[in-house]
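The values are calculated or read from the model by the stated rules, or taken from the named source; none is laboratory data. In this text the structure is predicted, and so the values were computed from the model without any measurement. Cβ sites come from the backbone with ideal geometry, for glycine too, and all protein chains shown count toward neighbours. Protein only, heavy atoms only, side chains kept; ligands, DNA and RNA dropped before computing areas. Shrake-Rupley method; radii C 1.70, N 1.55, O 1.52, S 1.80 Å.
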Amino acid sequence: AHLLDGRASAGASVDSARQNLAATFVNAFVNAGFGQDKLMTVPSDASSGGSSGNWLFKNKEHGKMSAAASLGMILLWDVDSGLAQIDKYFHSTDNHVIAGALLGVGIVNCGIRNDCDPALALLSEYVGREDACIRIGAIMGLGISYAGTQNDQIRHKLSTILNDAKSPLDVIAFSAISLGLIYVGSCNEEVAQAIIFALMDRSESELGEPLTRLIPLGLGLLYLGKQESVEATAEVSKTFNEKIRKYCDMTLLSCAYAGTGNVLKVQNLLGHCAQHHEKGEAYQGPAVLGIAMVAMAEELGLEMAIRSLEHLLQYGEQNIRRAVPLALGLLCISNPKVNVMDTLSRLSHDTDSEVAMAAVISLGLIGSGTNNARIAGMLRNLSSYYYKDANLLFCVRIAQGLVHMGKGLLTLNPYHSDRFLLSPTALAGIVTTLFACLDMKAVIVGKYHYVLYFLVLAMQPRMLLTVDENLKPLSVPVRVGQAVDVVGQAGRPKTITGFQTHSTPVLLAAGDRAELATEKYIPLSPILEGFVILKENPDYREDH
């Protein structure tokens, strides 16, 4: 509560259920993986009157879904105790609570390989229920917990939903996204066909709905970073209804070349952004995000992309300006660069509320898990500036939750191993959230706010932990400093500059690198990041 400014709390005109929903998200992000919090995991003793149940019911209908799912976020990666604590919500009579519990089960299992597949066992029976809300919870849960596993069993389940004419639109959209996540970067023909047929079956009126735009994204995720492999599918997409044809084309192009740094594709996408239409075209949003997705591969391209996005802000149409802040957020995710921070700060006071909302969310993304004091200050000022605007206040709160994500111990950066390897599932989770943010009013501020939980796919601890060969924690001195690019230099160049010596565990910020400050141990991996196993150096002699 101290994140809100004095004046903001006085303006009690704000819808209280909306404030509680915002608090739910802030709490979920701040306590992600922490295992306990003040809202959801409070023991229900007689004095407090069972407050965890109470918090759940301080949310309205679809708000309860996010509230129940937030328990999964708090108990992140702790499968045994997580499933035990979420279990009580399965006996609820409220469909939204059950849906949230299903999503929570998916979140707890995010990124965990388990031989007995608890998520599949729990969620698969709910996929066929008649209530759309429960189905979305189960489908999203499966997508998050089995991202990148290419699980055939789930493919059969979700493909039948896609090709069932009676499925509601939102269920179909989330099925497409989940299939895209589970088969991310696999170029799987069968999944691609199922999603293409689902797109072709949509009626004219459905193609105008904001959620329909997630279906081409599901298709794009299948080809994430796979470059030429997308061409056959891109040809098929030229036969779609003209309402969604260009949109699908841009989405496929952006996804296929994500993280490749391909200059020609960036130029191609910039060309699409440069066109001025009478009324704003929806396909330009993915094109702007595509520039960021392609250019995020290396530092130089990233700087150039930031500069190009500045031009788009000055000359682009309104729908392009709405996507620019999101693109900046993707380029500098968990890496608060000052120039980008200032641009977003300027955009967060924009006259167009969609631009302002996107800029506020992006401020949260660039500062995610960094506890950055400057961004936190900006967001506090914004919360008093927008104290009358419920939607923007909601976005400010979510951004505050992101900045303090995991109490500052987590990162959303999809790159690991010294910005060398890209995690496809992490990028897929971020991109899905950003595509949903292209239409803030309908999705994030509307009733599909739980798409924010897709960010969990990219969450990972940013500390360096050293363990011995029996996996017992071991504290050793390490030097942490700014990483220096030493590719192709002769001899033994210094890999870091301006270092400080700490003993592990230590936190690594964006662009930091660590090296051991002792000869006593030899690391078993060349890159010191995450968990590193050390073995004793047999040649080491203590200096007498």
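Exactly one residue out of Thr466, Thr432 is within 12 Å of the chain's Cα centre (by Cα) and of a type in the set (S, T, N, Q): that is Thr432.
Among the residues of the range 450-476, write down those that are assigned to a loop (DSSP other than H, G, I, E, B) and of a type in the set (A, V, I, L, M, F, W, C). Listed by number, the residues that qualify are Met459, Leu471, Leu474, Val476. Within the range 421-449, the residues that satisfy the criterion of being touching a residue at least 60 places away in the same chain (Cβ under 8 Å) and not in a helix (DSSP H, G or I) are Leu422, Leu438, Asp439, Met440, Lys441, Ala442, Tyr448.
Of all residues in the range 446-457, one or more are open to solvent by 10 Å² or more (accessible area, probe 1.4 Å), over 18 Å from Met357 (Cβ atoms) and not basic (Lys, Arg). Residue count for the range 267-289 under the criterion of being surrounded by 17 or more Cβ atoms within 10 Å (Cβ to Cβ) and either closer than 13 Å to Gln227 by Cα or in contact with an Asp or Glu (Cβ under 6 Å, 6 or more places away or on another chain) (or both): the result is 0.
Listed here are the helices (runs of 4 or more DSSP H) enclosed by the range 199-262 that have at least 3 residues being open to solvent by less than 50 Å² (accessible area, probe 1.4 Å): 214-221, 231-237, 242-256. For the range 101-124, a residue qualifies if it is open to solvent by less than 50 Å² (accessible area, probe 1.4 Å), without any contact (Cβ under 8 Å) to a residue 60 or more places away in the chain and outside any loop (DSSP other than H, G, I, E, B), and the qualifying residues are Ala101, Leu102, Gly104, Val105, Gly106, Val108, Pro118, Ala119, Leu120, Leu123, Ser124. Only one of the listed residues (Ser368, Ser383) is more than 30 Å from Glu278 (Cβ to Cβ) and part of a loop (DSSP other than H, G, I, E, B). That residue is Ser368. Quick one: would you say Ala234 is among the small types (Gly, Ala, Ser) and more than 18 Å from the chain's Cα centre (by Cα)? Spelling it out, Ala234 is indeed among the small types (Gly, Ala, Ser) and more than 18 Å from the chain's Cα centre (by Cα).
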